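Taking it in order: structure first as structure tokens, then the write-up.
The values are calculated or read from the model by the stated rules, or taken from the named source; none is laboratory data. As the structure is a computational prediction, the values presented were derived from the model and not from experiment. Cβ placement follows ideal geometry from the backbone for every residue including glycine, while neighbour counts extend to all protein chains displayed.
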Amino acid sequence: MSLRRSIYKSPAQLRAMVEPGLITAAALDAARSLIAPGVTTGDLDAAASALITSRGAKSNFQMVRGYRHTICASVNEEVVHGIPGDRVLGAGDIVSVDAGAEFKGWNGDSAFTFVLPDQSRPEVVAARQHLSDVTEGSLWAGIAALASAKHIGEVGTAIQSYIEANSPDSGTYGILREYVGHGIGRKMHESPSVFNYRVADPGPEVRPGLVLAIEPMVVIGDQATFVEDDGWTVSTVDGTAGSHWEHSVAVHEDGIWVLTAPDGGAAGLAPFGVTPREIA
Ligand code: MG
Ligand code: MG
């Protein structure tokens, strides 16, 4: 048995996670700024890769066994783990982009969803934008819950409650059950698991030093998914669209700080009455 690393980091370790978080945010910005009809998911990958390299960091996705890309790009019925390549983005597509940077041995991990306009299909675009907005809102609800939570399980309860309260009249959105958030630090994926739904086990205690990647994966229809023949891409069985939003968040002595948001999460947390505090 090897010694188990504590899930709680020291103040110095939390400070070391600020820069990889900011590089991750910049990489996603570089990809987001390119999104337009006619652009390929491979173009988004190249932009994120160039940004990470320019900051002296490394893509941590490329350190995942068998994966050779900087981002995951999941389009329409794909929810997560889509492989970037020749796929051309078109009007009305919903694309989720996930990326992470490792800098001086510490990791960031974050994702966003973008819906391309399509004037010929306004109802499709509106439905997909609502899905993305509710998924993003549920992420911020989960982060806001973390600010005052006693146990990690309260995060998932807040995420599920938000999604249930904001689903359209046509039906409650599905929350993926097989894929969850995680601790993050020296490795991109660490203990503990961070569920996006209510679970009976309250989970580990929330206290200073905890750093979590919170990442709701939400679909318009049923949560059932399958892995495509490429061995990576996770798509919905019923073919409905998916959305994925993610941030890496630190709990410290003075409060919480969203490492992968340049404002520490101030804008996203404001509707929940939570003010992030910088890591001293
Ligand atoms: Mg991610
Ligand atoms: Mg993650």
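Selection within the range 214-232: residues that are assigned to a loop (DSSP other than H, G, I, E, B) and within 16 Å of ligand 2 (Cβ to nearest atom). The member of this set that is surrounded by the most Cβ atoms within 10 Å (Cβ to Cβ) is Pro216. If you go through the range 256-271 one residue at a time, do you hit one that is surrounded by 19 or more Cβ atoms within 10 Å (Cβ to Cβ), away from ligand 1 (no atom under 16 Å from the Cβ) and aromatic (Phe, Trp, Tyr)? Taking every residue of the range 256-271 in turn, at least one turns out to be surrounded by 19 or more Cβ atoms within 10 Å (Cβ to Cβ), away from ligand 1 (no atom under 16 Å from the Cβ) and aromatic (Phe, Trp, Tyr). Just one of the listed residues (Ala91, Ala126) is over 22 Å from Val211 (Cα atoms) and not in a loop (DSSP other than H, G, I, E, B), namely Ala126.
Does at least one position in the range 178-192 carry a residue that is farther than 16 Å from Ile220 by Cα, of a type in the set (D, E, K, R) and in contact with a strand residue (DSSP E or B) (Cβ under 6 Å, 6 or more places away or on another chain)? Yes. Within the range 259-267, is even one residue assigned to a strand (DSSP E or B) and in contact with a His (Cβ under 8 Å, 6 or more places away or on another chain)? Within the range 259-267, not a single residue is assigned to a strand (DSSP E or B) and in contact with a His (Cβ under 8 Å, 6 or more places away or on another chain).
Every condition in (1) within 30 Å of Asp254 (Cβ to Cβ); (2) within 15 Å of ligand 2 (Cβ to nearest atom); (3) among the polar types (S, T, N, Q) holds for Ser59 except the one numbered (1).
Among the residues making up the range 236-257, those that are of a type outside the set (Ser, Thr, Tyr) and either assigned to a loop (DSSP other than H, G, I, E, B) or closer than 28 Å to Ala127 by Cα (or both) are Val237, Asp238, Gly239, Ala241, Gly242, His244, Trp245, Glu246, His247, Glu253, Asp254. Of note, Gly38 satisfies the criterion of being over 17 Å from the mean Cα position of the chain (by Cα) and more than 17 Å from His69 (Cβ to Cβ). For the residues Asp43, Asp86, the requirement of being assigned to a loop (DSSP other than H, G, I, E, B), of a type in the set (D, E, K, R), at pLDDT 95 or above and away from ligand 1 (no atom under 14 Å from the Cβ) singles out Asp86. Note on the range 73-83: residues that are touching a strand residue (DSSP E or B) at 6+ places or on another chain (Cβ under 6 Å), in contact (Cβ under 8 Å) with a residue 60 or more places away in the chain and within 16 Å of ligand 1 (Cβ to nearest atom) amount to 6.
Which residues, counting only those in the range 53-83, are in a loop (DSSP other than H, G, I, E, B), under 25 Å from Glu19 (Cβ atoms) and not aromatic (Phe, Trp, Tyr)? The answer is Arg55, Gly56, Ala57, Asn60, Val64, Arg68, His69, Thr70.
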